[in-house]
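The structure appears below as structure tokens.
Derivation of every value follows stated rules applied to the coordinates shown; laboratory data play no part. Nothing here was measured: the structure is a model prediction, and the numbers come from that model. Note that we place each Cβ from the backbone using ideal geometry, even for glycine, and neighbour counts take in every protein chain shown.
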Amino acid sequence: MADSLQAARLLSVAEAIREGLERALDEIPEAFVMGEGVTDPKGIFGTTTGLMDRFGKERVIETPISENAFTGIAVGACLLGQRPIIVHQRVEFMLLAMEQLINNAAKLRYLTRGRQSVPMVIRLVIGRGWGQGPQHAQSLESVFAAIPGLKVAMPSRAVDARDMLMTGIRGGDPLVLLEHRWLHGVRGPVADDVDPDVLSGPVVRREGEDLTLVATSYMVLEALRAADALAAVGITAEVIDLRVLRPLELAPIGESVRRTGRLVVIDTGHRTLGMGAEVVATISERQLSHLKAPPRRLGLPDRPAASARSLAASFYPRAEEIAREAAEALGMDTEDRLHVERILDERREHRLVDVPDPSFQGPF
Amino acid sequence: MAKFDRDLAWRGYRALVRIREVELAIAARYPDQEMRCPVHLSVGQEGVAVGACLPLSADDLVLAGHRSHAQYLAKGGDLTAMLAEIHGRETGCCGGRGGSMHLLDVEAGLLASIPIVGSHLPLAVGVALARRQRREPGVAVAFLGDGAVETGAFHETLNFAALHRLPVVFVLEDNGYSVYTPLAERQPPRPLTDVGLSHGVEGQSVSGDDFLEVHAAMETALVAARSGAGPQLLVASTSRWLEHCGPYDDDHLGYRPQGELERAKQRCPIRRLGDQLRKSGELDDRREKALYADVRSEIDAAFAAAFAAPQPSAATAAEHVYG
């Protein structure tokens, strides 16, 4: 283990996913990759580049624009023991295939009492920014996470993205893997060994005693930034990366809230009926007596993502908003609040909201 | 005209009678409310399932839709497990998790029945794709109705299967109705085989009420599919005699032109094949009587066994959601 940690390389999330796909194809004869653009020159943001050359057209399958059919074809292949990894370049394309996902992929194990299973990975890319607008920038994780029989995971860092993919494809259930487009370029250490527990649940990214910040995907990075700034006024925030949205394992969050007594949950998707609603509801049910302040939620507002930069500006919560919620939960005084805001303001190198924050380069 | 194969005709006849008698027994007992799930009976349409399933080998795998009793039995599915499933019993083919609309028997080669129209078609093509990837023999067979032709899944699936020349046979049972709505109100007038041709898929048109014609066409389709010629389409016209869902005759609702159902019954696949068998000397009253007695005693025993089986324990309801 120590050796492999020493050997950890710095990879971007996209590179780590590509490595996961290559290793899956290498190690698992039943694995194959299928999707619109998996063989094209851009290779799904570089995540499938070169795979067809190495593994051939039978295992890296370019598809017609038939999302529902090829999702169902992947499910059918599972019935004979194959392990498909399919990919849609935006979450929204998957909406054309929800019938196959919810009716077939999520039900066949139950219907057959485990005699059949659907061990497939469905990679979906969440878009954001650069004016992509209402139909290319949705983060619909809570839609998928509402369905029993599906597993739903959102990596926030390179090693998790690779390990979720590789663990998912060796597993026995359909895994919806939601990749944030703004994370594809973020680098982090990736050891050779795959963590087999990566899909077991949340993980603490930063320890703290004063409040618990729970976030998913890209918002984990914003939460870490907020925690950094809060530290300057003596507040230690525990940052938990939710990682797995279904099945939802909340014990580590409950344990954290028992210590901190304060909870802020930051959704990558919409606040209403988002993952934060489920986390806050469950923690309130179980830990109400430990809460020193009402739990708080952040997420996207109840409107579509607009294309124009001026309209998008107030759409996405950032570290600033997270820090503000934390300040409310903590009852921070005005002087401290202004100090935290100033730090975040200075550290953000520019004010444009439609491209990833340049400080998010990794490694994290 | 091919030589009349008396042995094949007899096997077909026996299968047709058995399925018809199972369906009529379900219809007769359904009002007892012990079978507490929707049933889509195959009465009148048996010729397609039997004609298309008898030529299949053990390697060939079937996927069906909501009206799948005939396909299940024709492919060799276990009768008691089917009736137990419809009765919501632990010994049912899905342990009571699926009901009549999800019949499957993996050993017999019926991999799944999916009651969302068109939804099983991609699964069938996925099965064919996996067969090729795994270098395994066998053709995937998807049964569908005329309504499924209207789904996007059908066109997406044919396109993909044709593109990759996958070994799959689509058996299209055209019974002329989607619930109460006739084909002419749902599709423009054109032969259904033309729809296949638009995807480069060769098709054959047969009378689904003529077991021997379906059987011969299916053999042709299977030879083509096995030889790498790509997906095949078999369009079999037939008639549903009972209501879309449930045990009753619903002709009084008036959604069919007057006399249509009576004329359809004149084309009964059992009577047709029975007449041919009698003419050949293979069937007489005595043998027919023995056949019915044999089939009915099997069905009675299967109903008794299904009914006597335990209901699934409520404690198991949450099992098998995840692996």
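The DSSP beta bridges internal to chain B are antiparallel in roughly 10% of cases. Over the range A:2-190, Cα pairs under 8 Å with separation of 6+ residues give a relative contact order of 28 percent. In the elastic network of chain A, a GNM with C-alpha springs shorter than 10 Å, the most mobile of A:D163, A:D241, A:D228 is A:D228. Remark: the range B:273-282, residue by residue, has Karplus-estimated 3J(HN,Hα) of 6, x, 4, 5, 5, 5, 4, 7, x, 7 Hz, where x stands for each Gly or Pro and the curve is 6.51 cos²θ - 1.76 cosθ + 1.60 at θ = phi - 60°.
State the number of lysine pairs found in the protein assembly as shown whose Cα atoms come within less than 29 Å, restricting to pairs 8 or more positions apart or on distinct chains. Taking the Cα cut-off of 29 Å, the pair count is 15.
Assuming charge only on the beta carbon of Lys and Arg (+1) and of Asp and Glu (-1), the dipole of chain A about its Cα centre is about 660 debye to the nearest 20. Calculated on the Cα set of the range A:1-123, radius of gyration then Dmax: 15.5, 46 Å.
Packing, as the average of other Cβ atoms within 10 Å across residues, places the peptides A:233-239, A:308-314 in the order A:233-239, A:308-314, highest first.
In the calculated pair-distance distribution of the range A:123-211, the portion above 18 angstrom amounts to 52 percent of the Cα-Cα pairs.
Of all the options B:E136, B:E150, B:E243, the one that moves most in a Gaussian network model of chain B with Cα springs shorter than 10 angstrom is B:E136.
Would you please classify the overall shape of the range B:98-226 from the alpha carbon gyration tensor, given that a ≥ b ≥ c denote the square roots of the eigenvalues, rounded means a/c under 1.5, and beyond that prolate means a/b larger than b/c while oblate covers the rest? It comes out rounded by the Cα gyration axes. Assuming a ≥ b ≥ c are the square roots of the Cα gyration tensor eigenvalues, decide whether the range A:203-348 counts as rounded (a/c under 1.5), prolate (otherwise, with a/b larger than b/c) or oblate. Oblate is the answer for the range A:203-348, as a/c is 1.5 or above yet b/c matches or exceeds a/b. Among B:D250, B:D105, B:D209, the largest mean-square fluctuation in a Gaussian network model of chain B, built with springs joining Cα atoms closer than 10 Å, belongs to B:D250.
Highest-first packing order for the peptide set B:68-74, A:246-252 is B:68-74, A:246-252, based on the mean count of other beta carbon atoms within 10 Å.
Placing +1 on each Lys and Arg Cβ and -1 on each Asp and Glu Cβ, with no other charges, gives the protein assembly as shown a dipole about its Cα centre of roughly 440 debye.
Is the C-alpha gyration tensor of chain B telling us rounded, prolate or oblate? Criteria: a/c under 1.5 is rounded; beyond that, a/b larger than b/c is prolate, otherwise oblate.
The shape class here is rounded.
Residues in the range A:103-110 carry Karplus couplings, in order, of 7, 9, 4, 7, 10, 5, 4, 5 Hz; the curve used is 6.51 cos²θ - 1.76 cosθ + 1.60 with θ = phi - 60°, and Gly or Pro positions show x. Between the residues A:M98, A:L111, A:H136, the greatest Cα displacement towards the positive end of the dipole of the range A:94-142, with unit charges on the Cβ of Lys, Arg, Asp and Glu, is found for A:L111. The Cα center of the range B:214-267 and the Cα center of the range B:288-323 differ in position by 27 Å.
Charging the Cβ of each Asp and Glu at -1 and of each Lys and Arg at +1, and nothing else, the dipole of chain B about its Cα centre rounds to 520 debye. The mean number of partner chain beta-carbon atoms within 10 angstrom of a residue's beta-carbon across peptide B:130-142 is 3.
How high is the relative contact order of chain B, given as a whole-number percent (alpha carbon pairs under 8 Å, six or more residues apart)? That works out to 23 percent. Principal axis analysis of the Cα atoms in chain A yields extents of 63, 48, 43 Å, listed in decreasing size.
Under 5 Å from the amide H of A:R123 lie the amide H atoms of A:I86, A:V87, A:H88, A:L177, each residue being 5 or more positions distant or on a separate chain, with H modelled from the backbone and absent for Pro and chain starts.
Packing around the peptides B:155-167, A:27-39, taken as the average count of other Cβ atoms within 10 Å per residue, puts them in this order, highest first: B:155-167, A:27-39.
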